[in-house]
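Let me begin by presenting the structure, written as structure tokens, before commenting on it.
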Amino acid sequence: MARIIDAPLTASDGGGCDPRTVHGTWGRLDAAAKRGLAYTPEVKAKTDALYEKVKHVILPVEWPAYAPLIAAINEMKRAKDAVILAHNYMTSEIFYCVGDFRGDSLQLAREATTTDAKVIVQAGVHFMAETSKILSPDKTVLIPDLRAGCSLAASITGADVRLIKEKFPGVPVVTYVNTSAEVKAESDVTCTSSNAAAVVEWAAREWKTDRVILIPDEYLAKNVAAQTGIKIIAWHGRCEVHERFTAEDVAELRAAHPGVVVLAHPECPPDVMAAADFAGSTAALQHYVEEKRPGKVVLLTECSMSDNVAAAAPDVDFIRPCNLCPHMKRITLEGIYDSLAEMKHEVMIPEDVRVRAKQAIDRMLALPKEKPRAFETGRPAAHVELV
């Protein structure tokens, strides 16, 4: 069950989650000093404008610990011709202060193909860094912490996919990008939560079938099946963040906060999707908040997403469910600094695996670019065949 934060998180009153818990700063406030970096007047001048973007989640007393790392990272990016791809689940000091490209996994995958930079630092988890390397083999791709994995990616292997294909010959395999390169290499096409329904529909048409294999997220598969009516063969993987949300959480939120608008990510269980007001990818959730400007909203997804959307919609009252992704939170400012300074934790993929995985990703990227599709809420649960 999610820990629901009733009070808004602000730098002025310290309400809601303790920022030292959310942002992992407890014990890390001397990270800059350990690297010989200080909060000088020059650093202050370079970072004051950036603090305005994150002051709603970072206390003024903590900013001098962040600012020297931020200034140094931004200088190193210029010196080393590097860019940072920052996922929506990054903490705000990374997302807004050092990220060059920000968004969901589909947006970042597209950016990896277009940037002219020689170095890509992936502020996200390992499968995202692999995707960048698959698409840009001539670039140096770094991940700040090799331990930044993913419960979904760990749930399935390339050997598992080969066995699934043996059991269901001729059925197209649509693979969520939250997977390893070797799993993508065994797939026909990849998808993200932004385009999963569209890709499944495309695969059914392309292969002239009414059945599609969608792996590895069981809940995403069930939610896509409810949207498309296509028979889905699914795997039993789940996101350890989203699977903890329940329909009871939604009921409790509505009771505690009358009029709250509930937005859910499609990795949530189907009963949560049915109880929500709107559902979609992280990009779709952000677009909804920015366009609709609900008075009071809750995002049923990873904790930092609310912090980042709140910066873009300061007039919206966010009720924060505190489900943190432990893997995303391994990516820190000091980790990014060390990775760039030492050019360490380079992501490498065997060329035969990379080429096959790229074919699956390219098929996805070649599909018409569209606004992130919302999932219609309130639909009855759909049956999927689990393997």
Enumerate the helices (runs of 4 or more DSSP H) found wholly within region 27-82, keeping only those where 3 or more residues are closer than 24 Å to ALA310 by Cα and among the small types (Gly, Ala, Ser).
63-80
Residues located in region 223-265, provided they are closer than 20 Å to ASP188 by Cα and not small (Gly, Ala, Ser):
VAL224, THR228, ILE230, LYS231, ILE232, ILE233, TRP235, HIS236
Could you please find all residues in region 223-241 being in contact with a strand residue (DSSP E or B) (Cβ under 7 Å, 6 or more places away or on another chain) and under 19 Å from ASP160 (Cβ atoms)?
ILE232, ILE233, ALA234, TRP235, HIS236, GLY237, ARG238, CYS239
Can you tell me which residue within region 303-333, out of those that are modelled with pLDDT of 85 or more, of a type in the set (D, E, K, R) and not in a helix (DSSP H, G or I), is least open to solvent (accessible area, probe 1.4 Å)?
ASP317
Could we say that ALA196 is within 26 Å of VAL83 (Cβ to Cβ) and within 17 Å of the chain's Cα centre (by Cα) here?
no
Considering only region 212-226, I want to know if a residue exists there that is touching a residue at least 12 places away in the same chain (Cβ under 8 Å), open to solvent by 30 Å² or more (accessible area, probe 1.4 Å) and in contact with a Pro (Cβ under 7 Å, 6 or more places away or on another chain).
yes
Residues (closer than 15 Å to ASP104 by Cβ and open to solvent by 30 Å² or more (accessible area, probe 1.4 Å)) located in region 257-298
GLN286, HIS287, TYR288, GLU290
Kindly check whether there is at least one residue in region 144-151 that is of a type outside the set (S, T, N, Q), out of contact with any helix residue (DSSP H, G or I) (no Cβ under 9 Å at 6 or more places or on another chain) and open to solvent by 60 Å² or more (accessible area, probe 1.4 Å).
no
List the pairs whose first member sits in region 91-111 and is of a type in the set (Phe, Trp, Tyr), whose second member is assigned to a helix (DSSP H, G or I), and whose Cβ atoms are under 6 Å apart, counting only residues at least 6 apart or on separate chains?
PHE95/ASN308; TYR96/LYS53; TYR96/VAL54; PHE101/GLU111
In the set VAL161, VAL183, VAL174, the lone residue that is buried (at least 24 other Cβ atoms within 10 Å of the Cβ) and assigned to a helix (DSSP H, G or I) is VAL183
Tell me, which residue of region 337-371 that is in a loop (DSSP other than H, G, I, E, B) and modelled with pLDDT of 95 or more is most open to solvent (accessible area, probe 1.4 Å)?
MET348
LEU108 meets each of (1) of a type in the set (A, V, I, L, M, F, W, C); (2) assigned to a helix (DSSP H, G or I); (3) open to solvent by 10 Å² or more (accessible area, probe 1.4 Å) with one exception, condition (3)
Quick check: anything in region 112-121 in contact with a helix residue (DSSP H, G or I) (Cβ under 8 Å, 6 or more places away or on another chain), open to solvent by 20 Å² or more (accessible area, probe 1.4 Å) and either farther than 24 Å from CYS303 by Cα or among the hydroxyl-bearing types (Ser, Thr, Tyr) (or both)?
yes
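The values are calculated or read from the model by the stated rules, or taken from the named source; none is laboratory data. Keep in mind it's a predicted model, so treat the numbers as computed, not measured. Glycine also receives a Cβ, built like all others from the backbone with ideal geometry; neighbour counts cover every protein chain displayed. Surface areas here come from the heavy atoms of the whole protein model, side chains and all, with no ligands, DNA or RNA. Shrake-Rupley method; radii C 1.70, N 1.55, O 1.52, S 1.80 Å.
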